[in-house]
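Read through the structure below, which is laid out as structure tokens, and then see the notes.
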Amino acid sequence: MTIAGGLLVLLAAQWPGDQVIPLVHYPSPLRHAAAISGFVPKGWKLTDKALGDLNGDKRPDAVLVLWMDDPANRIHPSFDPKSRYDTNPLMLIVALGAKGGGYDLALANHQLIPRRVNPNQDPPFNGVTIANGVLRLKMHEFLEAGGWRSGSCSFALRWEQGTLRLIGYDRDAIIKNTGATERVSVNYPARRMVITTGTMAGDVADETRTITLPPKPLLTLDQIGGGLMFEPEGQ
């Protein structure tokens, strides 16, 4: 490979491109369904689910992660017309078990799990679980080239006052250009955030500090915004 050719490949790997991301329409899910499959609109697929009692009524509830399956959203980067990457978005559905059977729609959210628009980025979603009445959603951030931070994050949400509210957040990250590490753990009801910093090489001792957060109402799921852009200290 020539120097010029190698430089071109390197730039292509780092540059996200200027391709046009297709617009999508997010359908309105059914208000009630006899089974969780009823909440999966045409043209979408169920990619993950979690079952458990969220609102404490002893009936099983469901959290669904739906993935749009539209070939038009599998596009090529502007720098490589021969390859394709998937920009189909994901949607989070929360359905509560109904007294008469089936499930009632509680909320639908398509912001927390961000849409993949950068061909260098891993699809961010990892999984959802329900345990002890708490929903946990995990994601990760990794770019093959570009971007300074990579790592994982987790959101803990509890059903309060008729909606899901954020009670905990954890992030474990590496700053790629410096080798610095950062672990963040937040308990919002206790207003406590613990931050531990160090290095990948372990050449300096980790430092831990605890911050007392100001009293604020717990964020709802919709108030969190994009999960990978979330900054816990500002909440």
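The values are calculated or read from the model by the stated rules, or taken from the named source; none is laboratory data. Since the structure is predicted, the reported quantities are computational estimates derived from the model, not experimental observations. As a convention, Cβ positions derive from the backbone with ideal geometry for all residues, glycine included, and neighbour counts pool all protein chains shown.
Checking ASN120, ASN126, ASN55, ASN88 one by one, the residue that is touching a strand residue (DSSP E or B) at 6+ places or on another chain (Cβ under 6 Å) and modelled with pLDDT under 95 is ASN120 and no other. Scanning segment 175-192 for residues that are buried (at least 18 other Cβ atoms within 10 Å of the Cβ) and either assigned to a strand (DSSP E or B) or polar (S, T, N, Q) (or both) gives THR181, VAL184, VAL186. Within segment 153-162, is even one residue surrounded by 16 or more Cβ atoms within 10 Å (Cβ to Cβ) and at pLDDT below 95? Within segment 153-162 (the criterion being surrounded by 16 or more Cβ atoms within 10 Å (Cβ to Cβ) and at pLDDT below 95), the answer is no, since none of the residues qualifies.
Please go through segment 193-235 and give me each residue that is assigned to a loop (DSSP other than H, G, I, E, B) and either closer than 22 Å to LEU107 by Cβ or of a type in the set (Gly, Ala, Ser) (or both), ordered by number. Write out each step before concluding.
Looking only at segment 193-235, we keep the residues that are assigned to a loop (DSSP other than H, G, I, E, B), and these are 200-206, 213-219, 225-226, 230-231, 235.
Answer for segment 193-235, where residues must be assigned to a loop (DSSP other than H, G, I, E, B) and either closer than 22 Å to LEU107 by Cβ or of a type in the set (Gly, Ala, Ser) (or both): ALA201, GLY202, ALA205, LYS216, PRO217, LEU218, LEU219, GLY225, GLY226, PHE230, GLN235.
To keep it simple, each residue is scored yes or no on (1) over 18 Å from GLN223 (Cα atoms); (2) touching a residue at least 40 places away in the same chain (Cβ under 8 Å); (3) in contact with an Asp or Glu (Cβ under 8 Å, 6 or more places away or on another chain).
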| position | (1), (2), (3) |
| --- | --- |
| ASN118 | yes, yes, no |
| PHE125 | yes, yes, yes |
| ASN132 | yes, no, no |
| MET139 | no, yes, no |
| CYS153 | no, yes, yes |
| GLU160 | no, yes, no |
| LEU166 | no, yes, no |
| ASP170 | no, no, no |
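Selection of segment 214-235 for residues being among the aliphatic types (A, V, I, L, M), surrounded by 13 or more Cβ atoms within 10 Å (Cβ to Cβ) and at pLDDT below 95 yields only LEU228. Close contacts from segment 42-64, counting a first residue that is in contact (Cβ under 8 Å) with a residue 40 or more places away in the chain and in a loop (DSSP other than H, G, I, E, B) and a second that is buried (at least 17 other Cβ atoms within 10 Å of the Cβ) and not acidic (Asp, Glu), with Cβ to Cβ under 6 Å and a gap of 6+ residues or different chains, come to LEU54/TRP159; ASN55/LEU96; ASN55/TRP159; ARG59/GLY97. Among the candidates VAL63, VAL20, VAL24, VAL94, which residue alone is out of contact with any strand residue (DSSP E or B) (no Cβ under 6 Å at 6 or more places or on another chain) and closer than 21 Å to ASP222 by Cβ? Only one candidate passes the filter, namely VAL24. Only one entry of ILE174, ILE211 meets the criterion of being in contact with a strand residue (DSSP E or B) (Cβ under 8 Å, 6 or more places away or on another chain) and within 30 Å of THR47 (Cβ to Cβ), and that entry is ILE174.
State all residues of segment 93-131 that are closer than 26 Å to GLY162 by Cα, of a type in the set (Val, Ile, Thr) and assigned to a loop (DSSP other than H, G, I, E, B); if no residue qualifies, say none.
Quick first cut of segment 93-131, residues closer than 26 Å to GLY162 by Cα only: 93-114, 125, 127-131.
Subset that is of a type in the set (Val, Ile, Thr): 93-94, 113, 128-130.
Matches in segment 93-131: ILE113 only.
Filtering segment 132-159 to residues that are in contact with a strand residue (DSSP E or B) (Cβ under 6 Å, 6 or more places away or on another chain), hydrophobic (A, V, I, L, M, F, W, C) and outside any loop (DSSP other than H, G, I, E, B) leaves VAL134, LEU135, LEU137, MET139, LEU143, CYS153, PHE155, ALA156, LEU157. Against the list (1) in contact with an Asp or Glu (Cβ under 7 Å, 6 or more places away or on another chain); (2) surrounded by fewer than 15 Cβ atoms within 10 Å (Cβ to Cβ); (3) farther than 19 Å from GLY162 by Cα, the condition SER83 fails is (1).
Taking into account only those residues within segment 65-83 that are without any contact (Cβ under 8 Å) to a residue 60 or more places away in the chain and within 24 Å of LEU137 (Cα to Cα), which is farthest from the chain's Cα centre (by Cα)? I'd like the intermediate steps shown before the answer.
First, pick out the residues of segment 65-83 that are without any contact (Cβ under 8 Å) to a residue 60 or more places away in the chain: 66-76, 81-83.
Next, only the ones that are within 24 Å of LEU137 (Cα to Cα) stay: 66-69.
On the way: LEU66: 13, TRP67: 13, MET68: 16, ASP69: 18 Å.
My answer is ASP69.
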